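To start, the structure under review is shown below, and the notes come after it.
The values are calculated or read from the model by the stated rules, or taken from the named source; none is laboratory data. Please read all numbers here as calculations on a predicted model, not as lab measurements. Virtual Cβ from ideal backbone geometry, glycine too; neighbours counted across all protein chains shown. Please note that ligands, DNA and RNA were not included when accessible areas were found on the heavy atoms of the full protein model with its side chains. Shrake-Rupley method; radii C 1.70, N 1.55, O 1.52, S 1.80 Å.
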Amino acid sequence: DAMVIQNPRYQVTQFGKPVTLSCSQTLNHNVMYWYQQKSSQAPKLLFHYYDKDFNNEADTPDNFQSRRPNTSFCFLDIRSPGLGDAAMYLCATSSGLRGINTEAFFGQGTRLTVV
Amino acid sequence: DAKTTQPTSMDCAEGRAANLPCNHSTISGNEYVYWYRQIHSQGPQYIIHGLKNNETNEMASLIITEDRKSSTLILPHATLRDTAVYYCIVRTVEAAGNKLTFGGGTRVLVKP
């Protein structure tokens, strides 16, 4: 059974029209991550939550925002998508126990197309 | 997190062992070595991780040099389904949670 679920798998949005991608987890993990992966590139970390604490990467554009209303759900909001934001968006979770290295579990990703 | 260096690509014959090298010469004492792989159009999949001892699980073996400046992931009997991009990552525990930063990865093609 899928443990990190991303919906939808494919999303088409119009240039400049706000779009929200969703991620849910059944693992009760503290940490949730959002990555952006462009074609033929490695995943790039945008931000992550440790419980309710939000941690933004320094080079993540302001156009990208995130919400985590509870442990299970995390959303990625793109306020004004540009053509350059077309990518696969990956959500991941890990238990995040301080001082303990644990593996991260990834969802299947949402492929965003901007038209 | 320390930077890793991996070959861009490598081919492997089906049924043979695949040895994937990774250099992490700036690794610090509290950083673990993680390996993930990503099959086309899927999310990355955890393979194995270690600190300084060699590790083995049902998927692979991880050999870490004594000075911890490099490591090798071994797929003992590669199959066509092992064709993927393999990422070597060094990861530390930070106060704000465990960040996982991907480098370039090695594109592995398993050939019949």
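What you get for chain B, charging only the Cβ of Lys and Arg (+1) and of Asp and Glu (-1), is a dipole of about 200 debye around the Cα centre. Rolling a 1.4 Å probe over the protein chains gives B:Lys99 an accessible area of about 40 Å².
Relative to the current alpha-carbon distance between B:Ala13 and B:Met59, full extension at 0.36 nm per residue lengthens the span by 14.8 nm.
Ordering A:Gly109, A:Thr26, A:Gln11 by Cα displacement along the dipole of chain A toward the positive end leaves A:Gln11 in first place; charges were set at the Cβ atoms of Lys, Arg (+1) and Asp, Glu (-1). Bridging of B:Lys3 to lysines at a Cα separation below 22 Å is possible for A:Lys38, A:Lys44, B:Lys52, B:Lys69, B:Lys99, once same-chain residues fewer than 8 apart are set aside. The charge dipole of chain A, taken about its Cα centre with unit charges on the Cβ atoms of Lys, Arg (+1), Asp and Glu (-1) only, comes to about 220 debye. Solvent-accessible area of B:Lys3, all protein chains in place: 150 Å² (probe radius 1.4 Å, heavy atoms, ligands and nucleic acids excluded).
When nucleic acids and ligands are ignored and a 1.4 Å probe is applied, A:Asp85 ends up with an accessible area of around 20 Å². In region B:17-112, taking the dipole from charged Cβ atoms about the Cα centre, the farthest positive-side position among B:Tyr34, B:Gly50, B:Leu80 is held by B:Leu80. Working from Cα pairs under 8 Å separated by at least six residues, relative contact order for chain A is 38 percent. Positive end of the dipole of chain A (Cβ unit charges, origin at the Cα centre): among A:Phe75, A:His48, A:Ser94, the Cα lying farthest that way belongs to A:Phe75.
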